[in-house]
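Q: Before we start, here is the structure in question, set down as structure tokens.
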Amino acid sequence: MLQPRTTSLLALAFSLGLAATAAAQPGGADGRGRLIRNFEASAPAVGELMPNLAVYDRDGQESRLPALLNGRFTVLILGCLT
């Protein structure tokens, strides 16, 4: 059985670890606000030309963005789809 002092030190270490993990998370209103501000600062503006990016379909085939758009309206879905 662990000594009371050892148990207290383990509990303290565990608590500090949890606190550090919680502090590192971008959750809450402040974290969400920061993410939104970063997105708004780096998002393309309305009417801005799209870069010549390589994009991939669900089968892994590469295409270039201008070839896909080709003067048509296109919906782009960005992010992790898993």
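The values are calculated or read from the model by the stated rules, or taken from the named source; none is laboratory data. Please read all numbers here as calculations on a predicted model, not as lab measurements. Don't worry about glycine lacking a Cβ; one is built from the backbone with ideal geometry, like all the others, and counts go over all protein chains shown.
Q: Could you list, in sequence order, all residues of region 38-82 that are loosely packed, with under 10 Cβ neighbours inside 10 Å and in a helix (DSSP H, G or I)?
A: Within region 38-82, Phe39, Glu40, Ala41, Ser42, Ala67 meet the criteria.
Q: OK, next. Modelled with pLDDT under 80, surrounded by 10 or more Cβ atoms within 10 Å (Cβ to Cβ) and part of a helix (DSSP H, G or I): which single residue out of Gly33, Gly17 fits that description?
A: Numbers: Gly33 fails: modelled with pLDDT under 80.
From the options Gly33, Gly17, the qualifying one is Gly17.
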